[in-house]
Amino acid sequence: MRVKYGLIAGVGAAFLISGCAVGNLGSNWSDEQREEFLNILQTDKYSSVCDLHPLIAQYKKTKDDKILSKLLVSYAENLANSCIDQGAFKAALSAKEAQGIKTHYEFYNEDVSTSTIDTQLKAGKKIDEILQPYVPQMPQFFKLIEAYNSAVSPVQKYKIKLNIERVKLLKPTDWDTYIMVNVPEYKFRFFENRQKVMEFKVVVGRPTWQTPIFSSTMKYITVHPTWNVPDNIARKEEIPKIIKDPSYLRRHNMVVKRDYAPDSPTVDPSKINWREYLKPEWANRELPYKIIEKSSSHNALGQVKFMFPNRFSVYMHDTNMKKLFAYPQRAYSHGCIRLEKPLRLLAKLASGYTKQRFEEVGQILKAKKTKYVNLQRYIPVHIVYLTAYVDNGMVNFFNDVYGFDRITKLRVPTTMVDTAE
């Protein structure tokens, strides 16, 4: 769904606060600071009023600057760490995991110091300057706020609000040059100096084996990679196939080793009691044998994979299943991200981000041997989950492929949720 939006001045809050100056009352607030903050609350400039309406009503009644100070800290907290009920969300994820669904969603919370804010107030800093460290640098933040202010449908407004809150929880790192994969959109984007330079389709993890939502840093590339089959995939998929068909490994260009090291000697798979490793006691233990698919034109990872080290063993890679990119819904992997145009990305990185020259990387690709290419300039990688995304002045809505919209509870007035439902 695509909805055109434009900025509507003055839309935002469902309440009004008097901007009249009141006496300092010996507090840390100046008249200018007070007026500035009341205007921020009235317009909800940073979409962070959320559950603060009772406190706002209390201030309107008392004009007590201590309450206003509490409001400022609470507003900063909502801005830094969102209005998502994180406890309820994590409990819902745990319930999914108990059902056998592989899932993870990383929240990057920030510290909000009451004493620092108090000191800044005393020093006469503007409220915008006090709040600035907590404002998300991800460009979507203000675009989504504009879209929220312009949306008419309560359902659309609530969905946009969900995603504003998600943006607040993204890693507060470099948002100038970065790679982003938006899972519900099945889309890869590469930004340089905040300008989009590349965009194409991806295949992500299936709903029962979800691509984790987190941030990392791309550090190197593997050309003509082998596929080191993770233990969990080996147990669930590969070992049952080996038991059923002893020729399975040979036919799929796979070998067995004691570890994933390239120089590790191979092991005769016929000498292994594979059924032993399907027993319950091995469910969460590391397997003593590793299954590896050798590099070839038919390798599951294709010609190249892009590595951003993480505890989930997730990466981006080429694929020999090109037909999947023709599907509108593309959640088919074991959590890794399959790229529609990996060689285009390789060429881009080789032309300005690798230690080797562009021509050298091209020769490595032609050599058909497994090689590693280090990046000279590391690139932040953000795997995000945005079911509302603004692009070219349009807000786009996407299906809730992993059900995160459904399990996310916001600390907002119940009327907002009721009208959305």
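The values are calculated or read from the model by the stated rules, or taken from the named source; none is laboratory data. All figures in this text were calculated on a predicted structure; none of them were measured in a lab. Virtual Cβ from ideal backbone geometry, glycine too; neighbours counted across all protein chains shown.
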Any hit, segment 277-300, residues being within 29 Å of Tyr402 (Cβ to Cβ), of a type in the set (S, T, N, Q) and touching a residue at least 12 places away in the same chain (Cβ under 8 Å): yes
Near pairs, Cβ below 9 angstrom, 6+ apart or cross-chain, from segment 55-78 (assigned to a loop (DSSP other than H, G, I, E, B)) to any residue that is aliphatic (A, V, I, L, M): Lys63/Val22; Lys63/Leu25; Asp64/Leu25
Residue in segment 274-295 that is modelled with the lowest pLDDT, counting only those that are of a type in the set (D, E, K, R) and surrounded by 20 or more Cβ atoms within 10 Å (Cβ to Cβ): Glu293
Candidates Ser296, Ser313, filtered to the one that is closer than 29 Å to His104 by Cβ and not charged (D, E, K, R): Ser313
Options Arg406, Arg377: the member that is in a helix (DSSP H, G or I) and either among the basic types (Lys, Arg) or within 30 Å of Leu346 (Cβ to Cβ) (or both): Arg406
Among (1) charged (D, E, K, R); (2) surrounded by fewer than 21 Cβ atoms within 10 Å (Cβ to Cβ); (3) closer than 26 Å to Ala80 by Cα, the one test that Lys219 misses: (3)
Output for segment 23-70, where each listed residue is modelled with pLDDT of 95 or more, touching a helix residue (DSSP H, G or I) at 6+ places or on another chain (Cβ under 6 Å) and at positive phi: Ser47, Cys50
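Matching residues to (1) over 26 Å from Tyr327 (Cβ atoms); (2) surrounded by 20 or more Cβ atoms within 10 Å (Cβ to Cβ); (3) modelled with pLDDT under 95; (4) in the same structural domain as Tyr327 (by TED's automatic domain parsing):
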{"position": "Val204", "(1), (2), (3), (4)": "no, yes, no, yes"}
{"position": "Gln210", "(1), (2), (3), (4)": "no, yes, no, yes"}
{"position": "Asn232", "(1), (2), (3), (4)": "no, no, yes, no"}
{"position": "Asn253", "(1), (2), (3), (4)": "yes, no, yes, no"}
Residues within segment 349-366 that are part of a helix (DSSP H, G or I), in contact (Cβ under 8 Å) with a residue 12 or more places away in the chain and surrounded by fewer than 16 Cβ atoms within 10 Å (Cβ to Cβ), tallied: 1
Unique match (being more than 15 Å from Ile383 (Cβ to Cβ), more than 16 Å from the chain's Cα centre (by Cα) and not assigned by TED's automatic domain parsing to the domain that holds Lys323) among Lys196, Lys126, Lys168: Lys126
Subset of segment 351-384 (residues that are closer than 30 Å to Tyr327 by Cα and either within 21 Å of the chain's Cα centre (by Cα) or small (Gly, Ala, Ser) (or both)): Ile379, Pro380, Val381, His382, Ile383, Val384
